[in-house]
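Worksheet: one structure, shown below.
The values are calculated or read from the model by the stated rules, or taken from the named source; none is laboratory data. A quick note: this is a predicted structure, and the numbers were derived from the prediction, not measured. Reconstructed Cβ throughout: ideal geometry from the backbone, glycine too, with neighbour counts over all protein chains shown. Each accessible area value is taken on the protein alone, full model and side chains, heavy atoms only, with ligands, DNA and RNA left out. Shrake-Rupley method; radii C 1.70, N 1.55, O 1.52, S 1.80 Å.
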Amino acid sequence: MSACAVWCVVEHRQGAVRDVTGEVVAAARSLDLGPVTAVVLAGPGEAHGLSRAVPGNPEAVLALEHPSLAGFNGAAVAQALGRLVGERQPRVVLGAHSAAGMEWAPALAAELRAPLVTDATSLSWEGNRLGALRAVYGGKLQARVRLAEAPTVLATVRPGSFEAVGSGAAPAVEVSSPELPATLGKRFVAWIQEAAGAVDITQADVLVSVGRGIGDAENLDVARALAQALGATLSCSRPVVDSHWLPKEHQVGISGKTVKPRVYLALGISGAFQHIAAMKGAGLIVAVNKDPKAPIFRIAHYGIVGDLFKVVPALTKAVKERLGGGRPGTG
Amino acid sequence: MKLAVFVKHVPDTAEADLQVAAGGRSIKAAGLPFQMNEWDRFALEEAVKLKEASAGTLTAFLLGPEECEESLRRCLAVGADRAVRVWDPGLEGQGPAGAAAVLAAAVVGTPYDLYLCGAQASDDGYAMVGPTLAALLAVPCTTLVNRLEVTGSVAVCDRELEAGWTERVEVDLPALVTVQTGINEPRYVSVLGIRKARGKPVDLFDLAGPGLDRDQVGRLGSLLTVEALEPLPEGRAAELLGGAPDEAAARLAAILREKGGVL
């Protein structure tokens, strides 16, 4: 097997390698196709620093430096990788199914006319073809897919599906500067961070979290009453923020906050992977949902299948009864 | 501005018990409610807002058989000037790259200033059609957009990243953007409004249509094959607390005290 068997695209942001890169290297190892090469695409002067921080012990690092690659611009990444892949023909190019990967991977696949599977939770290599498992229909079923045979095939892997492996000795780094078109039609402008609000759900010991099943902003009072009785903080899943029922600072999810409370109560949350990835570290997870097949029940320790508008008031009442009419110190 | 939006008609599986159909590669659709893909509702709203602000035109495209037309009617009811359904029985089971190739063929003769797609579809979740379509149309692309502002020939887009971060980028028009949920509040469309839109024509673009490179569609369509749909492997499953709500709630309160250390 040649030295460029499997390439892993190193994801970085604001000068730091993102943790998900370790998972991508682990996904590459799961294929058992020989040496793993990490590919760093970076702005001028960034390549060596980023290369040293690549997790998962790749056998080699290939680095490309260009001003257009500084912001991990999807168009520039696809263009630069396209040329390199054409020259060196790795068997597989892997990346993360992240905000970055969702942009450069389809663009690269289209540029190369190469097969791509996105959002894979498992990979396999049989008879020169890449196979993958991926969740479909909101995580209710999985699809077994196979890519056509091609000189190079591509995949992005779902964050949280492969266990990142540790770092060891830094491998040799080869740095070059690709030629890129003068204009890519797309320019990076700025990073923007959400302003810190009054609530920090990452510090909460107990979270009462609501999802789409809450139905309307007015219905939040049902969850608020339970949160108050438990001395808990109110959090939510994405549809609640999209509907402006709660501000973004309450959102548990890959695009929101990652939380690790002692107790997490998921009310009317179906359990999209972006949500589960950000709360699965909670000590005790309890879910209330009408749908017994909701993916949240696969990660919860305890569950109640039922109407949250009946279950939650009953739970609030039961909690208050146990406390004998008041929780000390919470008012 | 000349705008194009691409929408998909998908089953609403949120509370459905899904069954795999004979052949093992698709689900039994009978009895499932269908609707416009959630991400596409936001893309449509954004397109209509841009159309209204620029006194432009909006064409809606959908890939699918006749029973998917309701989502195109919805586009017409919301404000699209024209609706095009792209289909041929030979496209059944086409992978995402093939779907993009067919949609590209449907628009290639009449270039638009801005193409809008949902960031992904709720059924297969590839998140591939938009960026692949952009590549095939040779226009710049930006994905997961949750704020969009067009000034002259440039679109300023905020892209949603992880952990509360956003990336602001500029793309030169013509361009394609894929839209993240929450970018706007899709307007309410009454059933009557959708029914009224039934009177408007829906154009059909099929494989016999002009501009279609059949070889390219066939090649791209066969890059990815679904071999089987199957139940998820056994994972940790919640211990379910049954009984009436009061009964289940009382047991849960006890668990929160004993195992959760609260109360």
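Note on region B:129-144: residues that are under 14 Å from the mean Cα position of the chain (by Cα), over 13 Å from residue B:96 (Cβ atoms) and open to solvent by less than 10 Å² (accessible area, probe 1.4 Å) amount to 1.
Taken together, A:309, A:297 contain a single residue that is of a type in the set (Phe, Trp, Tyr), facing chain B (nearest Cβ under 9 Å) and in a helix (DSSP H, G or I), which is A:297. Just a yes or no: is a residue in region A:146-162 surrounded by fewer than 20 Cβ atoms within 10 Å (Cβ to Cβ), hydrophobic (A, V, I, L, M, F, W, C) and more than 26 Å from residue A:49 (Cα to Cα)? Yes; the residues of region A:146-162 include at least one that is surrounded by fewer than 20 Cβ atoms within 10 Å (Cβ to Cβ), hydrophobic (A, V, I, L, M, F, W, C) and more than 26 Å from residue A:49 (Cα to Cα). Within region A:110-126, at least one residue is part of a loop (DSSP other than H, G, I, E, B), open to solvent by 30 Å² or more (accessible area, probe 1.4 Å) and touching a residue at least 12 places away in the same chain (Cβ under 8 Å).
Residue A:218 falls short on exactly one of the conditions (1) without any contact (Cβ under 8 Å) to a residue 24 or more places away in the chain; (2) surrounded by fewer than 11 Cβ atoms within 10 Å (Cβ to Cβ); (3) farther than 30 Å from residue A:308 by Cβ, and that condition is (3). Among the numbered conditions (1) assigned to a helix (DSSP H, G or I); (2) surrounded by 22 or more Cβ atoms within 10 Å (Cβ to Cβ); (3) of a type outside the set (Gly, Ala, Ser), the only one that residue B:194 does not meet is (2). Counting only helices (runs of 4 or more DSSP H) wholly contained in region A:1-104, the ones carrying 1 or more residues that are buried (at least 17 other Cβ atoms within 10 Å of the Cβ) and in contact with a Cys (Cβ under 8 Å, 6 or more places away or on another chain) occupy A:20-31, A:74-88.
In region B:59-74, the qualifying residues are those that are in contact with a helix residue (DSSP H, G or I) (Cβ under 6 Å, 6 or more places away or on another chain) and assigned to a helix (DSSP H, G or I), and the one that is most open to solvent (accessible area, probe 1.4 Å) is B:74.
Among the residues of region B:163-182, not a single one is open to solvent by 40 Å² or more (accessible area, probe 1.4 Å) and away from every other protein chain (no Cβ under 11 Å). Reported count of residues in region A:188-202, each being facing chain B (nearest Cβ under 10 Å) and either among the polar types (S, T, N, Q) or buried (at least 21 other Cβ atoms within 10 Å of the Cβ) (or both), is 1. Only one entry of A:178, A:159 meets the criterion of being within 12 Å of chain B (Cβ to nearest Cβ), touching a His at 6+ places or on another chain (Cβ under 9 Å) and not aliphatic (A, V, I, L, M), and that entry is A:159. Cβ-Cβ distances below 8 Å connect no pair with a first residue in region A:225-250 that is in contact (Cβ under 8 Å) with a residue 60 or more places away in the chain and at the interface with chain B (Cβ under 8 Å from one of its Cβ atoms), a second residue that is aromatic (Phe, Trp, Tyr) and open to solvent by 20 Å² or more (accessible area, probe 1.4 Å), and a separation of six or more residues or different chains.
Condition check: open to solvent by 10 Å² or more (accessible area, probe 1.4 Å), within 25 Å of residue B:36 (Cα to Cα) and either more than 8 Å from every other protein chain (Cβ to nearest Cβ) or under 17 Å from the mean Cα position of the chain (by Cα) (or both). Does residue B:186 satisfy that? Considered against the rule, which asks whether it is open to solvent by 10 Å² or more (accessible area, probe 1.4 Å), within 25 Å of residue B:36 (Cα to Cα) and either more than 8 Å from every other protein chain (Cβ to nearest Cβ) or under 17 Å from the mean Cα position of the chain (by Cα) (or both), residue B:186 comes out as yes. So which residues in region B:189-219 are within 14 Å of chain A (Cβ to nearest Cβ) and not basic (Lys, Arg), if there are any at all? The answer is B:213, B:215, B:216, B:217, B:218.
Conditions (1) surrounded by fewer than 21 Cβ atoms within 10 Å (Cβ to Cβ); (2) among the β-branched types (Val, Ile, Thr), marked per residue:
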position: B:57; (1), (2): yes, yes
position: B:89; (1), (2): yes, no
position: B:95; (1), (2): no, no
position: B:115; (1), (2): no, no
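The residues of region A:118-148 that are facing chain B (nearest Cβ under 7 Å), in contact with a Lys or Arg (Cβ under 7 Å, 6 or more places away or on another chain) and either basic (Lys, Arg) or under 24 Å from residue B:37 (Cα atoms) (or both), listed by number, are A:119, A:140, A:142, A:143, A:145, A:146. In region B:220-262, which residue that is more than 7 Å from every other protein chain (Cβ to nearest Cβ) and not aliphatic (A, V, I, L, M) is surrounded by the most Cβ atoms within 10 Å (Cβ to Cβ)? It comes out as B:221. Look at (1) within 9 Å of chain B (Cβ to nearest Cβ); (2) on the phi > 0 side of the Ramachandran plot; (3) not aliphatic (A, V, I, L, M) and you find that residue A:205 fails only one, number (2). Screening residue A:183 against (1) within 11 Å of chain B (Cβ to nearest Cβ); (2) surrounded by 14 or more Cβ atoms within 10 Å (Cβ to Cβ) leaves a single unmet condition, (2).
Output the residues belonging to region A:16-47 that are without any contact (Cβ under 8 Å) to a residue 60 or more places away in the chain and out of contact with any strand residue (DSSP E or B) (no Cβ under 9 Å at 6 or more places or on another chain). Within region A:16-47, just A:16 meets the criteria.
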